[in-house]
Amino acid sequence: MLLRQWYPLAATWLMMSIEGPFLAAIIARLAEPKPNLAAFGVAFATALLLEAPVIMMLSASTALVEDRDSFRRLRRFAYLLSAAVTLGLVLLVATPLWTLFARRAIGLSPEVAGLTRLAVALLLPWPAAIGYRRFYQGLLIRGGRTGRVAYGTILRLTTMSLTALLLYTAGVAGALVGAAALSCGVLAEAVASRWMARWTVADLLLEPRGAAPPLTYGRIAAFYWPLATTSLIGLALHPIVTFFLGHARDPLESLAVMPVVHSLSFVFRSVGLSYQEVAIARLSDAEYDASQVLGFAVWLALGASFGLTLIAFTPLSELYFVRLSGLSEELAGFAMGPTRILAVLPALSVLLSMQRAVLVHGRRTSPITAATLLEVGTVVVALSLAIRHGSWPGVSAAALALIFGRIASNLYLTPPCYTILRKTK
């Protein structure tokens, strides 16, 4: 039963995780792969950070939209928030703020800074499209049409792949290929999500306001900002690491291989992300014992880390980084070290998903935000010390810092989870 409920969600996350390795492999096979991979990595990290305020619109629309009035009010809130985030990205890329950000804060060379600026410009539709499609995906989930979310993911990947291959044949710079492909993919998914939600929207527009208090903007803000803050903290981790790499040892090489290493680890970490919702549902089901849910998580953790370990410590690493990803022998050498360090991260990610599920089940969500803050703070401190006093390449120091941060988060969440599980028994 657990397996049957988990694998459709895992398949959706797995499809999304393929996006990064595919684009990195395309960029690595175009001219000047090193600066283009670095520029794409920084551009994606920037867009990811600015996407954070709108990412929780799925949760908001799923939880708050009940009738015509609440639909219209939350939709207006989502549109205004998406517009504000897009304006922030425009101001960054179109004003002197870019020089302060790219050249001084990150330390990019003029060549990489220029490529990154063009890539970020191509990603301008990204945050608004993410907010738009997640708003309507929430309505699909609320309306019991969850399968259509997977259809949107398939369309997104198809559009992204076709765009990347078309621009690849045209000889466009790699960083621009990656950014344009991401934007086209997410725009296609946004349009499809709205179209697939049309019947749910039609039903909502016919639904008069119920007996519950009206959904005011104050209520929306009170519900949304804590979620957005946690999302912002969590999503800031990857951009923070990327920005630190500009000041580390071997900065260009580290920035170039980080997207490849990160996307490979995400393939195996995605199985843990997909288990969180299943664990929450099963812990709330009286037919399930907590030990069954925990036992499945253990096997999932071992399997996920074993898969990444198999690539990291065997000749499969050369097959993946050189033949599949298209990295040069030099860049592949830089990628293998951090991949081996990160081999344990998928298991730790499954553990984190399980811990969050236990806390949500026990109605104690505040430790999740605190643990996220602790993780980010630990990564920043560890990375600062490694860059200042260590002799490792920046990408290896970043991998070690990520492990330290995740372990700190896991340890922090262990006592409250133990308390809840004891009560569950």
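The values are calculated or read from the model by the stated rules, or taken from the named source; none is laboratory data. Note that the coordinates shown come from a computational prediction; the quantities given were computed from them, not determined experimentally. Every residue, glycine among them, receives a Cβ derived from its backbone with ideal geometry; neighbour counts consider all protein chains shown.
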### Message
If A343 meets every condition in (1) more than 27 Å from A290 (Cβ to Cβ); (2) surrounded by fewer than 20 Cβ atoms within 10 Å (Cβ to Cβ) apart from one, which number is that one?
### Response
(2)
### Query
Which of the following residues is buried (at least 19 other Cβ atoms within 10 Å of the Cβ) and either modelled with pLDDT of 90 or more or not small (G, A, S) (or both): R388, R323, R406, R363?
R406
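Scan segment 113-123 and give yes if some residue there is among the hydrophobic types (A, V, I, L, M, F, W, C), modelled with pLDDT under 90 and in contact with a helix residue (DSSP H, G or I) (Cβ under 9 Å, 6 or more places away or on another chain), otherwise no. Step through it out loud before you land on a result.
Taking segment 113-123 and keeping what is among the hydrophobic types (A, V, I, L, M, F, W, C), we get 113, 115, 118-123.
Cutting the leftovers down to modelled with pLDDT under 90 gives us none.
Within segment 113-123 (the criterion being among the hydrophobic types (A, V, I, L, M, F, W, C), modelled with pLDDT under 90 and in contact with a helix residue (DSSP H, G or I) (Cβ under 9 Å, 6 or more places away or on another chain)), the answer is no, since none of the residues qualifies.
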### Task
Return a yes/no flag: does segment 131-153 have any residue that is among the aliphatic types (A, V, I, L, M), crowded, with 17+ Cβ neighbours inside 10 Å, in the same structural domain as A181 (by TED's automatic domain parsing) and at pLDDT 90 or above.
no
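For (1) closer than 22 Å to R249 by Cβ; (2) touching a His at 6+ places or on another chain (Cβ under 7 Å); (3) assigned by TED's automatic domain parsing to the domain that holds V241; (4) touching a residue at least 40 places away in the same chain (Cβ under 8 Å), each residue gets a yes or a no:
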site: A297; (1), (2), (3), (4): no, no, yes, yes
site: Y320; (1), (2), (3), (4): no, no, yes, yes
site: G333; (1), (2), (3), (4): yes, no, yes, no
site: M354; (1), (2), (3), (4): no, no, yes, yes
site: T365; (1), (2), (3), (4): no, no, yes, no
site: S384; (1), (2), (3), (4): yes, no, yes, yes
site: S391; (1), (2), (3), (4): yes, no, yes, yes
### Summary
Filtering segment 308-335 for residues that are in a helix (DSSP H, G or I), under 25 Å from L273 (Cβ atoms) and not hydroxyl-bearing (S, T, Y) leaves a count of 8
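Could you check how many residues of segment 378-404 are in a helix (DSSP H, G or I) and in contact with a Gly (Cβ under 8 Å, 6 or more places away or on another chain)?
Looking only at that region, the number is 8.
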### Task
Within segment 89-129, track down each residue that is under 25 Å from A188 (Cβ atoms) and outside any helix (DSSP H, G or I).
L123, L124
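Would you mind stating whether A60 is part of a helix (DSSP H, G or I) and either within 16 Å of the chain's Cα centre (by Cα) or crowded, with 19+ Cβ neighbours inside 10 Å (or both)? Working first, answer last.
Numbers: part of a helix (DSSP H, G or I): yes; either within 16 Å of the chain's Cα centre (by Cα) or crowded, with 19+ Cβ neighbours inside 10 Å (or both): yes.
For A60, the condition - part of a helix (DSSP H, G or I) and either within 16 Å of the chain's Cα centre (by Cα) or crowded, with 19+ Cβ neighbours inside 10 Å (or both) - is met.
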### Message
Restricting to segment 405-425, name every residue that is touching a residue at least 60 places away in the same chain (Cβ under 8 Å), of a type outside the set (A, V, I, L, M) and part of a helix (DSSP H, G or I).
### Response
G405, R406, N410, C417, K423, T424
